[in-house]
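Worksheet: the structure to be examined is printed underneath.
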Amino acid sequence: MSLPATSRFHAWGDPDSGRRIIVGIGEMAVADRPDDVIVTYALGSCVAVCLFDSVSRVAAMLHFLLPESSINAKRAIAQPAAFGDTGIPLLVDTAVRRGLKKSRSSVRLVGGAMVANNPGGAPPTGHRNVLAARSILWRLGLFIGGQDVGGGEARTVHFSAGDGRLLVVSGQQTKEM
Amino acid sequence: MRILIVDDSAMMRALIKRVIGLTELHVDEVVEAADGAEALRILESREVNLLLTDVNMPGMTGVELLREIARLDRWPDLVRVIISTDGSASRRDEAAELDVRCYLEKPFSPEVLRHVLSQAAGSLQS
Amino acid sequence: MCSAKLPDLFSPDVTAQVAGAIASVAEKSFFAEAEPCDRARFETLEAASAWLVATVQFREGACAGALTCTVPHDLARTLLDAFTGRDPLDAEPDREALFDLVGELSNMICGTWLTRMATAQAFTLSRPVVEMVSGRPALKSAGATLVAVNDLPLAVSVASLGEDAAAAGF
């Protein structure tokens, strides 16, 4: 569904009406105030994992860069959210401690694009990130309720803690999930 | 609700059982059988509401099981679902004639199985 | 009579079709990426010393054949964990579970390939027969489909068993 440009960002993190919580690459956030909006920018091959519990109104987002932490154990200790296999369990644990209940939560994935500067024909990281997220979420007993993944363009995501809506901006297109 | 899973692969039965456990369906019991003959013995010994069966199995196949269920005509309210690698038009037509409510092709994601279970359980209530 | 769409099992098209089936199964049921690779790359992919070989026979109309899936033990273990949602840090699964998993993998690849090739005609699959061998097995068929699944080797070959075998059943 596309939204008219003028209404795109109204009540989505307008500083006058709520907090904008920015999640950078290799970061995560959990929000539980109804006017909080979690935002992440420039999702290329990275994947954003978004959890929402509509009863406790807890929203959680992870923006991870690579599927497996085994390629850089030191970084995984310092920044577990950089990797899917360490970041996603951490996201779920943290959200659960803040009141999210897994059995009633929705999970959505955004990102995993094939970016132009994929070096030397290496396997597309975006696709691997999406597969890794699906695998880890299955292991954690969570079903994926929706996804906006793949393609060739970076995405920006605005995630409302009030009602769980995701606004995904990619190029000239805006989509609500 | 009692669900009967029929598949000669224990791994596949375990996966289906796990998905059932993670859904919000009110399930009293999940029973398993490795072939059609074992499934029939179970059907004759206790009430089953939802049958999930593979097609290609040693001994009595899934289609033979469904034909026998139709012939015996003892379980008119049993909701029947096929879960199979065979997605051919011919097999699907055969399934439709055997009162199969949903046809799920392998391989499938957990989300797709969950959706099929939800549809099948919905049939039970209507 | 075979379905009009079941082709010469040794044609290059078959390799591409089998690769497509492997990719679909790998992604949907095992959350894994399967990339076609050439023999040179395939031989260099690191793998455990023990391999599992699963063969499933198929019959489609009057045609009969067998699909063989060759998987190193470490890939079989990874795929089992992904399929069942087990924690990779859990204890090593037993041999029966690994054999079952590789059998089901071959079953799904074969079924997916046949469904795509034949589309209209139903087919029958035998129960997979699985064995474990030590050392990288020689690939029987020159037309084997070679893929790297999460950078580990997996090979699938298809052979015709001829019309007599089809008539005889399994």
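Each reported figure results from applying straightforward, stated rules to the coordinates on display, with no laboratory input. Please read all numbers here as calculations on a predicted model, not as lab measurements. As a convention, Cβ positions derive from the backbone with ideal geometry for all residues, glycine included, and neighbour counts pool all protein chains shown.
Projecting label points 7 angstrom from Cα along Cα→Cβ for A:Leu140 and A:Gln172 puts them 3.7 nm apart.
Counting, for every residue in B:11-17, the Cβ atoms of other protein chains within 10 Å of its Cβ and taking the mean gives 5. Tell me which residues come under 5 Å, amide H to amide H, from C:Ala32 once H is placed; ignore anything under 5 positions away on its chain. Amide H neighbours of C:Ala32, under 5 Å, 5+ apart: C:Glu27. Charge dipole (Cα centre; +1 on Lys/Arg Cβ, -1 on Asp/Glu Cβ; no other charges) of the range C:12-168 amounts to roughly 400 debye. The residue list B:Leu98, C:His73, A:Phe52 was ranked by how far each Cα lies along the charge dipole of the protein assembly as shown toward its positive end, using unit charges on Cβ atoms, and A:Phe52 comes out on top. What the phi angles of the range B:102-111 give under the Karplus curve with 6.51, -1.76 and 1.60, with θ = phi - 60°, is a coupling list of 9, 10, 10, 8, 7, x, 9, 7, x, 5 Hz, glycine and proline written as x.
Computed from the Cα positions only, the extents of the protein assembly as shown along the three principal axes stand at 78, 58, 44 Å, in decreasing order. Residue by residue, the range C:91-102 carries 3J(HN,Hα) couplings of 4, 4, x, 6, 4, 4, 5, 5, 4, 4, 5, 5 Hz when phi is fed to the Karplus relation 6.51 cos²θ - 1.76 cosθ + 1.60 (θ = phi - 60°); x denotes Gly or Pro. Its residue count N fixes a reference of 2.2 N^0.38 Å for chain B, and the Cα radius of gyration divided by that reference is 0.95.
Computed from label points 7 Å out along Cα-Cβ, the spacing between C:Ala138 and C:Leu89 is 4.4 nm. Around the Cα centre of the range C:52-128, unit charges on the Cβ atoms of Lys, Arg, Asp and Glu (plus for the first two, minus for the last two) sum to a dipole of about 460 debye. Legend: mean number of C-beta atoms from other chains within 10 angstrom of residue C-beta atoms, peptide A:71-79, equals 0. Within the range A:88-102, name every residue whose backbone N is under 20 Å away from a label modeled 7 Å from Cα of B:Arg18 along the Cβ vector. Output list for this probe position: A:88-93, A:102.
For the peptide C:90-103, the mean number of other protein chain Cβ atoms found within 10 angstrom of a residue's Cβ is 2. Normalised by the number of residues in chain B, the mean separation of alpha-carbon contacts (under 8 Å, six or more apart) gives a relative contact order of 25 percent. Once R0 is set to 41 Å, what does the formula 1/(1 + (r/R0)^6) return for the Cβ-Cβ distance between B:Leu98 and A:Arg33, expressed as a FRET efficiency to the nearest 0.05? Taking R0 as 41 Å, the efficiency between B:Leu98 and A:Arg33 is 0.15. Placing +1 on each Lys and Arg Cβ and -1 on each Asp and Glu Cβ, with no other charges, gives the range B:2-109 a dipole about its Cα centre of roughly 160 debye. Measuring max minus min along each principal axis, the C-alpha atoms of the range C:12-168 give extents of 46, 32, 28 Å (largest first).
In chain B, with Lys and Arg counted as +1 and Asp and Glu as -1 at Cβ, which of these residues, B:Thr61, B:Ser109, B:Ser45, has the Cα nearest the positive end of the dipole, that is, farthest along it? Checked the options; the winner is B:Ser109. A DSSP coil position with no more than 10 other Cβ atoms inside 10 Å describes none of the chymotrypsin sites (Phe, Trp or Tyr not before Pro) in the range A:33-83. In chain A, helical runs assigned H by DSSP with n ≥ 4 each contribute -39500 (n - 2.57); averaged across all residues and rounded to the nearest 500, the mean residue ellipticity at 222 nm is -6000 deg cm²/dmol.
Ordering B:23-35, B:81-93 by mean Cβ neighbour count within 10 Å, with the highest value first, yields B:81-93, B:23-35.
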